[in-house]
1. Does any residue in region 163-181 that is of a type in the set (S, T, Y) come within less than 7 Å, Cβ to Cβ, of a residue that is open to solvent by less than 10 Å² (accessible area, probe 1.4 Å) six or more places away or on a different chain, and which pairs are these?
2. So, in region 161-204, of the ones that are open to solvent by 10 Å² or more (accessible area, probe 1.4 Å), within 27 Å of the chain's Cα centre (by Cα) and among the small types (G, A, S), which residue ends up nearest to N273 (Cα to Cα)?
3. State which residue is farthest from T166 (Cα to Cα) when the search covers only region 242-269 and only residues that are open to solvent by 60 Å² or more (accessible area, probe 1.4 Å) and among the acidic types (D, E).
4. Mind checking whether some residue in region 151-164 is part of a helix (DSSP H, G or I) and within 20 Å of N268 (Cβ to Cβ)?
5. Between residues in region 29-49 that are within 23 Å of D14 (Cβ to Cβ) and open to solvent by less than 70 Å² (accessible area, probe 1.4 Å) and residues that are at pLDDT 90 or above and aromatic (F, W, Y), which pairs lie under 6 Å by C-beta distance while being six or more apart or on different chains?
6. Go through region 254-284 and report how many residues are at pLDDT 90 or above and among the acidic types (D, E).
7. Quick check on K290: is it without any contact (Cβ under 8 Å) to a residue 24 or more places away in the chain, open to solvent by 90 Å² or more (accessible area, probe 1.4 Å) and not aromatic (F, W, Y)?
8. For region 245-273, name all the residues that are closer than 20 Å to P283 by Cα and charged (D, E, K, R).
Amino acid sequence: MNVVTANQNKSIIDRLDIDIIKRIDGQFELRELLSKFVNLYFNKMIIDITSIMDYQNLDVIKELSTSVDPSRVIILLNNDPVVNSQFYMANLIACGFYNFTRNFEGIKFLYNTPNSYDNVKHLVMSEEDTIRERDAYVSEHTVVYKEAGAREVIGFVNLTNHAGATSLINMMVRQMNAHGLQAIGIEMFRQDMLYYHDSNLSTCFNKNDLESKLKLYDEVAAVFIDLNEFGEADKFCDRIIYIIEPSYIMLTKLLKKNRNALEENKNNLILLNKSFVNDQEIPDFEYETKLKVFYNLPPLNDRNNNLEPINEFLRKLGFKIEENM
């Protein structure tokens, strides 16, 4: 007899034709989830990884390994690039979990023919690779929040034509102020921001204008600047984010204008905006373009308030945006 959990991978779990004595649907903190199987004797535990809150956190996986016998567990992964990374899978193996898969056929095979260490040892990383990937993992999954009262000036550059810097800044400023963090937006050389009729949005036409504006707003939490090829951005901005609309047409136009554009920006912070690239496709996009994606934003309606993708982007930048406002 077996126990199973199901959440995002419910359609796969529904296809199982094994004896099941208990099934739990939904997402729970690990301890709460495991408490639902107390005093149950089972042959196999099939866990939809998305049933576990914070499943990307390797400390949670380590706690799971100390709470159940890993040899009895089959883990059903989703398409999340994190859990499909070699670093994550190597840590599953280090915790004793040798049986993990992403599909129905994999569950059937592992149920009847469990893996041993020899079957998965090719996924184990060298010490040097482990250190490098661990540092990258920690860096990517650690958000350093800004100290209260510390202003940050962030510049935005459209790499592809009409990538959306102006409308993005409008949404960011609106969200910041709605959450009690004062922010302003500035557009260099143009006046598109004026059409939003928002006193927190303004324009500057030269370096002196910008210097005066920044002195005037030295106590705000953030200043977002649509740089529009402003040549002295590095002197004023703490960070600069380069925006790409990742459609085939826009990327082709970019490379036609400058065939080295991707190479020249491989070390910059890249934001995909108005993006139909899903998160599972980001690793392929990064491999093909040699860029490192800082964040991926889908197309948004800038008339809507409290857009959660914008909130998430602001959190990624280090601003404390409360959830479920």
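1. T166/E187; T166/M193; T166/D226
2. Out of the qualifying residues, it is G164.
3. E263
4. No.
5. I49/Y55
6. Matching residues across region 254-284 total 2.
7. Numbers: without any contact (Cβ under 8 Å) to a residue 24 or more places away in the chain: no; open to solvent by 90 Å² or more (accessible area, probe 1.4 Å): yes; not aromatic (F, W, Y): yes.
Considered against the rule, which asks whether it is without any contact (Cβ under 8 Å) to a residue 24 or more places away in the chain, open to solvent by 90 Å² or more (accessible area, probe 1.4 Å) and not aromatic (F, W, Y), K290 comes out as no.
8. Listed by number, the residues that qualify are E245, E263, E264, K266.
The values are calculated or read from the model by the stated rules, or taken from the named source; none is laboratory data. Please read all numbers here as calculations on a predicted model, not as lab measurements. Ideal geometry is used to build each Cβ from the backbone, glycine not excepted, and the neighbour counts take in all protein chains shown. Protein only, heavy atoms only, side chains kept; ligands, DNA and RNA dropped before computing areas. Shrake-Rupley method; radii C 1.70, N 1.55, O 1.52, S 1.80 Å.
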